[in-house]
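Peer 1: Input: one structure, supplied below.
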Amino acid sequence: MNLADLNRVAEALVSPGKGILAADESSGTIKKRFDAIGVESTEDNRRDYREMMFRAEDALSKYISGVILYDETIWQKSRDGTPLIKLIEQAGAIPGIKVDEGTQPLPECPGELVTVGLDKLSERLKKYYAQGARFAKWRAVIDIGKSIPSYTAIHTNAHALARYAALCQAAQIAPIVEPEVLMDGDHDIDRCYEVTEFVLKQTFQELYAQKVALEGMILKPNMVVSGKKNAKQASVQEVAEKTIRLLRNCVPSAVPGIAFLSGGQSDEEATAHLDAINRIGHQPWKLTFSYGRALQNAPQKAWSGKPANVQAAQQAFTHRAHMNSLASKGEWKADLESRRAV
Ligand code: 13P
């Protein structure tokens, strides 16, 4: 492992004013997104959609440090024959790759899942590196419910995350470690805090056990928020304060950066929360975005599968990327949303 190079990639992913575009929806997930805008999920449509974003040059060159790709996309060529991965590199962003293979039910743990994909991961990482990927992502999912999460689910997922991270670093690929505590339940914000704290403590314990170099990784956590179905939704300020308190208690300062997932928050909520988090003041790590839905909802709607809408979709994407870039510096203002700055 060359730690200096891994550290350079991790630092570049969280460089000031930049964040990550998570465009790594699996075939099942992108079909759901396309269904919502009435577009058939064919290989060509998926290519056209992602090409639209990767050619939004201002967005990629000014606000996006890296793009997480799904396996299909990393091998795809744009309409004019340029590999999609080249479009990302030409814009100055770093290509990354989702390497987990989704989830499976965890035996004897009703309702809980374990993320799979460790078998032959080393071989796949070598191919991805040769293709240009310099960072990777693995997402573990922890659900909050009546009597979950169980220790078994937390421990098993944390162990798999750490094994993945160690294999990535051995292959000179910087791992994004994503233990996502879902916001789908009716729990309150303090329950989210409690579960996320346990999950992060366990994750860093496992990363240590697997000898992962913290300087060469990025953490991708959920923010501390109220469950979506809870009647009392915490304020933006409460989310920011509890998220920072949690991270300060769980994340060693050797980690270069923390790039949040949006997890089902609305576009503006995800931006407002990131902004409030960054306004709290200086922290040992950079705090930015690694959003999927909160960057893509708007451009997906604007595009709706029509070539004539490509420019409007690129503008919508660039706007969201710009807003989140400002939020990553604590410089966003709500009134900028109505005066599109692109
Ligand atoms: P969301 O921002 O839509 O949660 O997606 C981020 C991601 O990469 C989930 O794995």
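The values are calculated or read from the model by the stated rules, or taken from the named source; none is laboratory data. No experiment lies behind these values; they were computed from the predicted model shown. Glycine also receives a Cβ, built like all others from the backbone with ideal geometry; neighbour counts cover every protein chain displayed. Remember, those area values only see protein heavy atoms, side chains included, never the ligands or the DNA or RNA. Shrake-Rupley method; radii C 1.70, N 1.55, O 1.52, S 1.80 Å.
Peer 1: Give the separation of the Cα centroids, the range 22-45 to the range 268-336, in Å.
Peer 2: 20
Peer 1: Take the alpha carbon gyration tensor of the chain, find the square roots of its eigenvalues, order them as a ≥ b ≥ c, and report rounded if a/c is under 1.5; if not, report prolate when a/b exceeds b/c, else oblate.
Peer 2: Since a/c stays below 1.5, the shape of the chain is classed as rounded.
Peer 1: How much of the accessible area of the chain, probe 1.4 Å, is carbon plus sulfur, in whole percent?
Peer 2: 49
Peer 1: Going by a ≥ b ≥ c, the root eigenvalues of the Cα gyration tensor, does the range 175-272 fall in the rounded group (a/c under 1.5), the prolate group (a/b larger than b/c) or the oblate group?
Peer 2: prolate
Peer 1: How much accessible area per residue does the range 192-342 have, counting only protein heavy atoms and a probe of 1.4 Å, in square angstrom?
Peer 2: For the range 192-342, the per-residue accessible area is 41 Å².
Peer 1: With a 1.4 Å probe and every protein chain left in place, tell me how much accessible area Lys127 has, in Å² to the nearest 10.
Peer 2: Result for Lys127: roughly 130 Å² accessible.
Peer 1: Taking the Cα-to-Cβ direction at Gln210 and at Lys126 and moving 7 Å from each Cα, how far apart do the two end points lie in nm?
Peer 2: Between Gln210 and Lys126, the simple spin-label model gives 2.0 nm.
Peer 1: Output ³J(HN,Hα) for the range 132-145: one whole-Hz value per residue in order, computed from phi by the Karplus curve 6.51 cos²θ - 1.76 cosθ + 1.60 with θ = phi - 60°, and x for Gly and Pro.
Peer 2: x, 6, 10, 8, 9, 9, 9, 10, 9, 10, 10, 9, 9, x
Peer 1: Sorted by accessible area (1.4 Å probe), largest first, how do Arg320, Arg8 line up?
Peer 2: Arg8, Arg320
Peer 1: Amide H to amide H under 5 Å from Ile64: which residues, 5+ apart in sequence or cross-chain, H placed 1.01 Å off N in plane?
Peer 2: Counting only residues 5 or more places away or on other chains, the set is Gly19.
Peer 1: Can I ask one more? Under a 1.4 angstrom probe, counting protein chains only, how are Trp285, Trp75 ranked by accessible area, largest first?
Peer 2: Trp75, Trp285
Peer 1: Report, in deg cm²/dmol and to the nearest 500, the calculated mean residue ellipticity at 222 nm for the chain, where each DSSP H run with n ≥ 4 adds -39500 (n - 2.57) and the sum is divided by the residue count.
Peer 2: That comes out to -14000 deg cm²/dmol.
Peer 1: With a 1.4 Å probe and all protein chains kept in place, how do Ser65, Ser147 rank by accessible area, largest first?
Peer 2: The residues order as Ser147, Ser65, largest area first.
Peer 1: Springs between alpha-carbon pairs under 10 angstrom, Gaussian network model over the chain: which of Ala254, Ala294, Ala171 fluctuates most?
Peer 2: Looking only at Ala254, Ala294, Ala171, the biggest GNM fluctuation is shown by Ala254.
Peer 1: Which entries in Lys220/Lys286; Lys146/Lys229; Lys31/Lys77; Lys98/Lys220; Lys31/Lys120; Lys201/Lys242 show an alpha-carbon gap greater than 18 Å?
Peer 2: Flagged as over cut-off: Lys31/Lys77; Lys31/Lys120.
Peer 1: For a quick check: with amide H placed at 1.01 Å from N, whose amide H comes under 5 Å from Ala23's, ignoring anything fewer than 5 positions away on the same chain?
Peer 2: Residues meeting the amide H criterion: Ile68.
Peer 1: Using a Gaussian network model on the chain with a 10 Å cutoff between Cα atoms, which of Lys211, Lys98, Lys329 fluctuates the most?
Peer 2: Lys211
Peer 1: Compute the accessible area per residue over the range 118-163, keeping the other protein chains in place, probe 1.4 Å, unit Å².
Peer 2: That works out to 48 Å² per residue.
Peer 1: Taking amide H atoms as placed 1.01 Å from N in the peptide plane, list the residues 5 or more away in sequence, or in a different chain, whose amide H sits under 5 Å from that of Lys77.
Peer 2: Those lying under 5 Å, H to H, from Lys77 are Leu84.
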